[in-house]
1. Just one of 142, 74 is farther than 27 Å from residue 421 by Cβ, out of contact with any Cys (no Cβ under 9 Å at 6 or more places or on another chain), at pLDDT 95 or above and of a type in the set (Ser, Thr, Tyr); which is it?
2. When the range 240-290 is examined, which residues are found to be of a type in the set (Lys, Arg) and open to solvent by 30 Å² or more (accessible area, probe 1.4 Å)?
3. Residues that are farther than 22 Å from residue 429 by Cβ, at least 3 per element: which strands (runs of 3 or more DSSP E) completely within the range 458-507 meet that?
4. Being open to solvent by 10 Å² or more (accessible area, probe 1.4 Å), on the phi > 0 side of the Ramachandran plot and part of a loop (DSSP other than H, G, I, E, B) is the requirement here; does residue 89 meet it?
5. Give 492, 486 a once-over and let me know the one that is over 19 Å from residue 62 (Cβ atoms), β-branched (Val, Ile, Thr), surrounded by fewer than 24 Cβ atoms within 10 Å (Cβ to Cβ) and in contact with a Leu (Cβ under 8 Å, 6 or more places away or on another chain).
6. Those residues that are β-branched (Val, Ile, Thr), within 23 Å of residue 417 (Cβ to Cβ) and either without any contact (Cβ under 8 Å) to a residue 12 or more places away in the chain or open to solvent by 90 Å² or more (accessible area, probe 1.4 Å) (or both), I need them from the range 352-387; list them, please.
7. Considering only the range 508-526, how many residues are part of a loop (DSSP other than H, G, I, E, B) and of a type in the set (D, E, K, R)?
Amino acid sequence: MQLHRRVFRVALPVVLTLLLVAALGIPVNAAVPFAPDRKPGEGEGPFETLIILGAIVIDGTGAPPRGPMDIVISGNKIVTVGRTGDIEGAKVIDATGMYVLPGFVDTHAHIGGSAQGVSSEYVFKLWMAHGVTTIREPGCFSGLDWVLHEKERSAKNEIVAPRIYAYVSPGLSWNRGTILTPEQGREYVRWAKEQGADGLKLRAIDPPIMQAIIEEAVKLGMGTETHLEQTVVSKYYLRNMAQWGLGTVVHWYGVPESLLEDRTVQHFRVDYNYNNEYHRFGEAGRLWAQAAPPGSETWYKIIDEFIEAGLTMTPTFTIYEACRDVTRVKNEEWHEKYTAPSLMDYFAPSPRNHGSFFFDWTTADEIAWKENFRTWMQFINDYKNRGGRVTTGSDAGFIYRTYGFGYIREFELLQEAGFHPLEVIRSATMEGAALLAEENNQPMTFGIIRPGMLADLVIVPENPLQNFKTLYGTGTMRLNTETGEVEYVGGVKYTIKDGIVYDAKQLLKDVEEMVRREKEARGLLE
């Protein structure tokens, strides 16, 4: 009977959520079955004493690597970082010549859903195999109760999954009617807080209600992030949200509009229809060209205004990369082994699926997006250089971006934007952890390698600063100068979350087997 009550408690809000999601025009991302319980052999520990021996440490703060260093862990906490001569009785990982980094934080990470046809186990293991130990789930479109259920199980390490922060979209998962007034917006925030949500994801809301939601969230110690829709964006919309206390801009909608000088709205094509995603993404690729130019007075004025307001940028370059080169992205080498056939089906051009708008994508569209990227990247680099926070998010599960692999691609794109590799790692670790801690009025307990911090760590055999491609599960090619043969090297060796050591290669094998079974069931194997 208790099991039936629990399932009903989760299932009913999911049904109501899906009805509201459809009404709002948000991509439907229905709940999938809960992740299976962690099996024997899936992760070792936590240990009374675990020592990572002889590693080169990249601590996440932007400081240069140091080594060899020993990291002593007790339970789920780092005790010392230095050199130790006493390893008797301890579990030891010999990391001589290897690199240790803080666990990665993905600040824009959808868990997936029935539309993509992939299980939560598939998604979680791909993230963990790529060193992602914490995620911010934006929107909770599988239902807030569903996400909170998995958040609790992850916190107890009952499942193989990153730590989860749940940011819910206003109106989802409750049954008290449409939010039509500022007070109803505040009521929803209070309700979400009571349920256990960590923050709000904000999209298209009238300004008085948006202000009430943001201010109530700040008052209650909840985070806020926005993916603005072009249906509400204007020159001052995001600037006002920042003044009300908005925490994060994901993607970039609202930023170039704030930089408009000779107009107040984007120069949309006259037949523009927001619900036509070819129009939506095609025109988005022509927006930064309409903004104030890099280095101008307006450019720096807006950057400084946003920084002063405490706004964080999570650009998610990776999710838009297909817009500038769709052939490259849809043929990436990991798709064969690690992208589920159902997910590839979802990616395929179709007016029915979100982000699958490449049915009439042109050379001119790609050229516009390449120019778009140049200006957008310069803004993000300038934002970082002037003291603004930039975090690393992937938004995988759409537009040919496979979970885990898409996150690592963001590292490469941040480096392309002008970030030093150490700045990239800082954005992926300390900056993400600090953002989540500040937005939720909590001390920062992970994100850097320091005594007292949680033992969330990534151990890799290759130097990621020299080549981020070595972080992909597929590794990267390198010439063996002794044999003259080309070899694949890299990939994460161990992901440690809460002091529990996971074999990242085995997690990838689990995913590969999931993909193989789906292909076999479809008759796709020879």
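The values are calculated or read from the model by the stated rules, or taken from the named source; none is laboratory data. Please read these numbers as outputs of a predicted model, since none were measured by experiment. Counting neighbours? That spans all protein chains shown, and the Cβs are built from the backbone with ideal geometry, glycine included. The area values use the complete protein model at the heavy-atom level, side chains included, leaving out ligands, DNA and RNA. Shrake-Rupley method; radii C 1.70, N 1.55, O 1.52, S 1.80 Å.
1. Going through 142, 74 in turn, the sole match is 74.
2. Hits for the range 240-290 are 263, 269, 286.
3. 476-479, 486-489
4. Yes; evaluated as a whole, the condition is true for this residue.
5. Of 492, 486, the one residue that is over 19 Å from residue 62 (Cβ atoms), β-branched (Val, Ile, Thr), surrounded by fewer than 24 Cβ atoms within 10 Å (Cβ to Cβ) and in contact with a Leu (Cβ under 8 Å, 6 or more places away or on another chain) is 486.
6. The answer is 367, and nothing else.
7. Of the residues in the range 508-526, 1 are part of a loop (DSSP other than H, G, I, E, B) and of a type in the set (D, E, K, R).
Residues are listed down the side, and each one gets a yes or a no for (1) among the charged types (D, E, K, R); (2) touching a helix residue (DSSP H, G or I) at 6+ places or on another chain (Cβ under 7 Å); (3) surrounded by fewer than 24 Cβ atoms within 10 Å (Cβ to Cβ):
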site: 174; (1), (2), (3): no, yes, yes
site: 182; (1), (2), (3): no, yes, yes
site: 187; (1), (2), (3): yes, no, yes
site: 193; (1), (2), (3): yes, no, yes
site: 221; (1), (2), (3): no, no, yes
